[in-house]
Each structure stands twice: as structure tokens, then as C-alpha cells.
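Readers should treat all values here as calculations from the given coordinates under stated rules, not as data from a laboratory. None of these values were measured; they are calculated from a predicted model. Positions of Cβ are backbone-derived with ideal geometry, glycine not excepted, and every protein chain shown enters the neighbour counts.
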Amino acid sequence: MSRPLRAEIKLSALQHNLQRARQAAPNSKVIAVIKANAYGHGMTIVAHALNDADAFAVASIEEAINLRESGIHQPIILLEGFFDEDDLLLLQAYSLEPVIHSPHQIELLEKTSLTYAFDVWLKIDTGMHRLGFPPMEVKKAYASLKDCDAVETIHAMTHFSSADDQESLSTPYQISLFNKTIEEVGITSSLSLANSAGILGFPQSHADWIRPGIMLYGASPFVDDDIESQLLEPVMNLVSELISVREVLRGESVGYGGEWTCPETMLVGVVACGYGDGYPRHAPEGTPVLVNGQRVPLIGRVSMDMITVDLRGCKASVGDRVQLWGDELPADEIAHHAETIAYELFCNVAPRVPRVEIK
């Protein structure tokens, strides 16, 4: 690798976080959510590191096929289901389990000729109001699926809208509505409610299957919490090096637009990482960066391929290690500075950034 930027993926941290999910919900099976290239961490790397998971969940058939062709044999759930008849044929060929969230999917199942039946997940909208059948429509949808030759077993699921806020009353309401709907309709197969926040904050939501996502990657699912309190370990270290250290005179500006001016003659470092690599373009001045383990502030605008840092009080030279986020600098903290969330930081790490397995 000629350019020093890389995303180090700590496999032991992935496995630790999976075990943390199991400890929180010891009576539930685990669906590891690895959509969006495993939240930017590398889907096949993560899937094979999490080979103890009972199942995986992805967003698209393309992601699922990639997993199957890489040797993954566990059940794979398609969180957005299928979209047309061609999808159904692929779904059958690769033994995938779709989420059923709208009537048009049931119509496709009823009219498409398939050679064998498969399991489906009936999604109930208990308050997210994104995908899923409203409670008053679940009975009809369930009956239609039971009569469908293409369907083997009907599981049921829902998704929380506000579980990241442990003080919100929305999640207890959603749990209650889901359970009431299941009982009224008579669904007795496997149930799944809990995302990462549900797993860690709402034990009454654990049911048969839990669906850890962001917690697997070592970021907190809560708006007002940190990973240490949740006993999670960061998986991705986004690291690079100083590629330039130079003295800039007092009064000279740094970066595009000349928005940052040196208050004194000082050392300025240039790091090989920018918004073209996934570093947040709108990260403000003062966002922390680690140089040789020491915090220094970001200065000037984030460029496509580089950022600049204030090296006053820091002994540094070209080639020194820089961490943008990771085990010494939480991604949640960088996300807070950039007014975003760790999910987006991880997912935005560009394909050109090598993912390097750390065993």
C-alpha cells in the first residue's frame, strides 16, 4: 500500500461485541446485521469473523449473494424483502428469507411459480411508520401468507423508532402493541423485535431473535451513552500518517478559503485522509485527531484527500501514526463534532480505503 490510510478491523472486538449481545439476551438467537458492507467494515470480513452468529441480515439480494458465494451458510434475511419476480427466483436459488412488509409482495408470491417453499418474516408496523403492515392489516396478511404455496414458516418482526432514547415511552408502547397483535392474530413462530438499543436497554423486547447492528461495531446505540458503559469494543481503527510537517508563519492561512489563520509561527501537520476517504467534510476546527497517541485539533477545511492539524506542543515528524477514530478516539466523539452519528462515519469510509484484518 503506497498511501498510508487504512481501516484496521479488529476481529477480536467483533467477537467480543457479539458475545456482549448474547450476554444481554442469553435466551435469544442472534441475527447479525451486516448490511451496507457491514456498516463500512467489510461484509465478508465481518461475516466470517462472526461465524458464531445464528443468522445474518442484509438489505439487498446482491449483498446476500455475495455472502453465499463467500461461503456463508447460515440463514440470511433480506430486510427490504424482494421487489419483482426475478428477485424471487434468486431468493429461492440462494435460500434466502425475505421480510414481507407490503401487499404487493404477497401478490408476487401468489402468482410466481416456485419449486419449493421458504421461510418469510412478516413485518408489523408498530410505530416506525416506514415499512410493515399496520396492526389492523396483519391478520389478513398472515392469512394470505398461510395460504401461499411458496411460504413454509411465517416469523414476525417489528422495528423500534426511538429505542436509542431510554427515557422515551415509544419503545414500551411498541413492544406492547406487537405482543398484542401477535396474540390476536395467533402467530406462534419465531419473533424478533430488538435492535442494538433494544438488546441493551429493553430486555422485555428480546424474544426469540435479537438483531444487533451498531453494537457489533463498537459504537453506542444510545444518544446519551458511551461504549465503555455498554462494555463494547471499537472494531474499526481508521488510521493514517503525517505526510508533511512544516512551519507556517504567524498570520498565514491554512487550507481552502483561508478560513484558519496561524496565531503564531507554528508547526502544521498534513494527514493523508479527507472527505474522499469518508472523513466528514463538515468536521469543524477543533475536532480531535490523535498523533502518536496525543490529541491535536483539526484546523482549516477538510480537503478531498487531506486534513491539516495543529502540532503546537506535539513532537511529531513525517511518517508518524495518526488515528482519526478507533480504540483511542471514539467514533461517537468525532460524530458529535461533525453533527452526525457513528453509523454514518463507518458507512462513508470509501472503497478506496483498504480494510486490513487485525487478528
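The orientation-averaged shadow of the Cα convex hull for region 236-358, equal to a quarter of the hull surface, comes to 7.0 nm². Sorted into 10 angstrom bins from 0, the C-alpha pair distances of region 68-198 split as 12, 43, 31, 12, 1 percent. To the nearest 10 degrees, how steep is helix 170-185 against the longest Cα principal axis of the chain, on a 0 to 90 scale? Taking the Cα atoms of the chain, the angle to 170-185 is about 20 degrees.
Out of the chymotrypsin sites (Phe, Trp or Tyr not before Pro) in region 105-199, which ones are loop residues according to DSSP with at most 14 other C-beta atoms within 10 Å?
For chymotrypsin sites (Phe, Trp or Tyr not before Pro) across region 105-199 that sit outside H, G, I, E and B with at most 14 neighbouring Cβ atoms in 10 Å, the list reads TYR116.
Convex hull of alpha carbon positions in region 16-111: directionally averaged projected area 6.6 nm². Straight-line cross-link reach from LYS111 at under 15 Å between alpha-carbon atoms covers these aspartates and glutamates, not counting any fewer than eight positions away in the same chain: ASP84, GLU85, ASP86, ASP87, ASP147, ASP149.
Relative to the dominant Cα principal axis of the chain, helix 135-146 is inclined by about 70°.
Of all the options GLY251, GLY132, GLY276, the one that moves most in a Gaussian network model of the chain with Cα springs shorter than 10 angstrom is GLY251.
Its Kirkwood hydrodynamic radius, worked out from the mean inverse distance over all distinct Cα pairs, puts region 260-303 at 11.4 Å. For trypsin sites (Lys or Arg not before Pro), the sites in region 68-140 that DSSP calls loop and that have at most 15 other Cβ atoms within 10 Å are ARG130.
Seen from ARG352, the other residues with C-beta closer than 12 Å to its C-beta sum to a net charge of +1, counting Lys and Arg as +1 and Asp and Glu as -1.
Over all directions, the projected convex hull of the C-alpha atoms in region 140-235 averages 7.2 nm² in area. Here the scattering of the chain is modelled by Debye summation over its C-alpha atoms, one equal scatterer each and no solvent; at q = 0.07, 0.11 Å⁻¹ the log10 of I(q)/I(0) is -0.36, -0.78.
With neighbours defined as other Cβ atoms within 10 Å of a residue's Cβ, the residues ASP225, ASP310, ASP149 order from fewest to most as ASP149, ASP225, ASP310.
Here the calculated FRET efficiency for GLU62 and ASP165, from their Cβ-Cβ distance with R0 = 41 Å, stands at 0.80, rounded to the nearest 0.05. Straight-distance candidates among the lysines for linking to LYS29, with alpha-carbon spacing under 27 Å and chain neighbours fewer than 8 residues away dropped: LYS10, LYS123, LYS139, LYS146, LYS180, LYS359.
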